[in-house]
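Here is the structure we will look at, set down as structure tokens.
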Amino acid sequence: MEPNMYVIGVDYGSDSVRSVLVNATNGEEIASSVFNYPRWQKGLYCDPAVNQFRQHPLDYTEGLTHTIKECIRKAGGESIAAAVKAIAVDTTGSTPVAVNAAGTPLALLPEFQENPHAMFVLWKDHTAVKEAAQINAHALTSDINYLDYCGGIYSSEWFWAKLLRTLRKDEQVRAACYSWVEHCDWIPFLLTGGNDVKEMKRSRCAAGHKALWAEEFDGLPPNEFFTSLDPLLDGFTDRLYKDTYTSDEAAGNLSQEWADILGLNTSVVVGVGAFDAHMGAVGGQIEPYHLSKVMGTSTCDILVAPTVDISGKLIRGICGQVNGSVIPGMLGLEAGQSAFGDTYAWFKNIVSWPLKNLLQESSLIDSTTAKALEEELMAKIIPELSRQAALLPKSEDDELGIDWFNGRRTPDANQELKGALINMDLGTDAPGMFRALAEATCFGAKNIVDRFIAEGIPVKGIIGIGGVAKKSPYIMQMMADVLNMPIRIHQFEHTCALGAAMFAAVVAGIYPTVEKAMKGMGSGFDAEYYPNEEDAAYYANRYPRYKSLGNYIEQNTSHE
């Protein structure tokens, strides 16, 4: 192996994009850069009250340019750039967009540049709940159940529900929409100079877990399945794809245009994209039957198993089972929670309302001091709530929560469900409420583990990656206690981006397989949480109450 061969991993999250420049010979991070999406930060094109969350493609392209160029600058400039061999990209998903025949997102065209329906529909956009319900009902009328390999329930967070809703919602977008493209497929297409959407290499990961593609069906469901659901979908399967590609394959080489923009050369290979949690599982050195939990705004839980072990078995209520979606040659299983860190962020916004709305009106301090004080206190809220919550005594009548603040992803997707808190009285304080919310998110994680086990898939251990895993010992210890099993925390800060870098090293030919790249570039674990026997018993006693409350809410609340 040549010394100093560099690869770049790009990780698109919900709030920002981060790139890492990695020495492929040993996995050492040479430089990293993070770019917060400016339009997203301003709340543009979003309406949380109706669960509309859209992102402009310019946030993505500006972030791509900034982070890669900054990585190269930090690392030393041209000499480093000349040694970059490959780039690979992961994104959130399902985050699709309407494109024209050239594969250009409609929001990049002048007539659509301010139209939310022409933008990327972020994974957590739940405006297509009605369409998802119709897909679920329609699947039951077909001779073949095309939901078999996506857990049996289609979600409003996914590809087809979002397409149908967009087509119904906006006539101008409908007329201009030639095809429908995932974020993780568009970025490699862009970098390689693609100009015909039919030539776009579509990700096995995205297609299998979110778009009803399955080897067993020889591709996507037929056009008739979709036209009988709604004639607006007529022709889309012909303009989409039949074949898909695993992320150890190349999408192409960096185009001259993007080589000039980034300061690289056209020999750089660009890999086929995938979703963040799938590449993050690789970055976190996933092992068969160990559940990799990417814990950020939501969680995405990934488990891999030898294909032969799962042959003929359908895992109900999860987000799909797809051969090669994580590691080629192995079956990838996906689950997750629609709100995890977002639950804590919501509560933080609740308790910080006076800081954001009243502090600037103070007659005691000037506006500059007020702003600085707000920033200082905002940064301390979650750490202090965690510290105080950890000191609370535990009793049978403690506050209890349900974690469905953005619906339920798994098991058994239902995005109409809402969160809840009970057992509150005049003695309930902010740390007590925070503890109940943290406990609820951990119980939600246990519900997923229990479903895997009930479906005959053993869970031998937990690997924690992502922001919450790295930054919140309180929640990670509670998770270990609730699950009653150890949790290893991967030491790399940007684990999803590292996973993308590992795939880049494979497409560059530096490693022959993903497994070899994980071994050669993996950085190991820097923390492990073990269950406390007494606390594990306390949570085991409370978990049936969580399940009972969730069942009650699901059976006795309805939504239009």
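Could you go through the stretch 341-358 and let me know if any residue there is within 20 Å of residue 155 (Cβ to Cβ), within 19 Å of the chain's Cα centre (by Cα) and of a type in the set (Val, Ile, Thr). Yes: one or more hits.
Taking helices (runs of 4 or more DSSP H) as the structural unit, those lying wholly within the stretch 479-560 and holding at least 1 residues that are free of Cβ contacts under 8 Å to residues at least 12 places away in the same chain correspond to 514-521, 533-556. Before we move on, is residue 466 touching a strand residue (DSSP E or B) at 6+ places or on another chain (Cβ under 8 Å), buried (at least 17 other Cβ atoms within 10 Å of the Cβ) and under 26 Å from residue 397 (Cβ atoms)? Judged against the criteria, residue 466 is not a match.
Against the list (1) at positive phi; (2) under 20 Å from the mean Cα position of the chain (by Cα), the condition residue 312 fails is (2). Would you say residue 78 is within 18 Å of residue 33 (Cα to Cα) and either buried (at least 24 other Cβ atoms within 10 Å of the Cβ) or modelled with pLDDT under 95 (or both)? Spelling it out, residue 78 is indeed within 18 Å of residue 33 (Cα to Cα) and either buried (at least 24 other Cβ atoms within 10 Å of the Cβ) or modelled with pLDDT under 95 (or both).
Residue-wise test of (1) over 21 Å from the mean Cα position of the chain (by Cα); (2) surrounded by fewer than 21 Cβ atoms within 10 Å (Cβ to Cβ); (3) assigned to a helix (DSSP H, G or I).
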| site | (1), (2), (3) |
| --- | --- |
| 97 | no, no, no |
| 107 | yes, no, yes |
| 126 | no, no, no |
| 131 | yes, no, yes |
| 145 | yes, yes, no |
| 162 | no, no, yes |
| 167 | yes, no, yes |
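Return a yes/no flag: does the stretch 139-148 have any residue that is charged (D, E, K, R) and in contact (Cβ under 8 Å) with a residue 40 or more places away in the chain. Scanning the stretch 139-148 turns up at least one residue that is charged (D, E, K, R) and in contact (Cβ under 8 Å) with a residue 40 or more places away in the chain.
Of the residues making up the stretch 40-65, just one is closer than 30 Å to residue 259 by Cα and in a loop (DSSP other than H, G, I, E, B), namely 56. Given the criteria in the same structural domain as residue 549 (by TED's automatic domain parsing), farther than 16 Å from residue 434 by Cα, in contact with a strand residue (DSSP E or B) (Cβ under 8 Å, 6 or more places away or on another chain) and not aliphatic (A, V, I, L, M), does residue 407 qualify? In short, yes.
Yes or no, residue by residue, for (1) out of contact with any Lys or Arg (no Cβ under 6 Å at 6 or more places or on another chain); (2) more than 14 Å from residue 93 (Cα to Cα); (3) not assigned by TED's automatic domain parsing to the domain that holds residue 406:
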{"site": "162", "(1), (2), (3)": "yes, no, yes"}
{"site": "185", "(1), (2), (3)": "no, no, yes"}
{"site": "191", "(1), (2), (3)": "yes, yes, yes"}
{"site": "196", "(1), (2), (3)": "yes, yes, yes"}
{"site": "208", "(1), (2), (3)": "yes, no, yes"}
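Only one of the numbered conditions (1) of a type in the set (D, E, K, R); (2) buried (at least 24 other Cβ atoms within 10 Å of the Cβ); (3) part of a helix (DSSP H, G or I) is violated by residue 70, and that is (2). Pairs meeting the criteria (first residue in the stretch 345-361 and assigned by TED's automatic domain parsing to the domain that holds residue 380, second residue part of a helix (DSSP H, G or I) and polar (S, T, N, Q), beta carbons under 7 Å, at least 6 apart or on different chains) are 360/367.
Exactly one residue among 345, 305, 335 is surrounded by fewer than 22 Cβ atoms within 10 Å (Cβ to Cβ) and not in a helix (DSSP H, G or I), and that residue is 305. Filtered by the rule that a residue be hydrophobic (A, V, I, L, M, F, W, C) and either within 15 Å of residue 159 (Cα to Cα) or within 23 Å of the chain's Cα centre (by Cα) (or both), the stretch 191-224 gives 191, 200, 205, 206, 207, 211, 212, 213, 214, 220. Answer yes if at least one residue in the stretch 100-112 is within 24 Å of residue 203 (Cβ to Cβ), among the charged types (D, E, K, R), modelled with pLDDT of 95 or more and in the same structural domain as residue 184 (by TED's automatic domain parsing), and no otherwise. Within the stretch 100-112, none of the residues are within 24 Å of residue 203 (Cβ to Cβ), among the charged types (D, E, K, R), modelled with pLDDT of 95 or more and in the same structural domain as residue 184 (by TED's automatic domain parsing). Note on the stretch 22-36: among residues that are in contact with a Phe, Trp or Tyr (Cβ under 9 Å, 6 or more places away or on another chain) and not acidic (Asp, Glu), the one that is farthest from residue 499 (Cα to Cα) is 30.
Of the residues making up the stretch 110-124, just one is of a type in the set (Phe, Trp, Tyr), over 17 Å from residue 319 (Cβ atoms) and surrounded by 21 or more Cβ atoms within 10 Å (Cβ to Cβ), namely 120.
Scanning the stretch 345-364 for residues that are under 20 Å from residue 420 (Cα atoms) and touching a Ser or Thr at 6+ places or on another chain (Cβ under 8 Å) yields one hit, 345.
Scanning the stretch 505-521 for residues that are out of contact with any Phe, Trp or Tyr (no Cβ under 6 Å at 6 or more places or on another chain) and either under 19 Å from residue 330 (Cα atoms) or of a type in the set (S, T, N, Q) (or both) yields a count of 10.
The values are calculated or read from the model by the stated rules, or taken from the named source; none is laboratory data. Because the structure is a prediction, the values reported are computed rather than measured. Cβ sites come from the backbone with ideal geometry, for glycine too, and all protein chains shown count toward neighbours.
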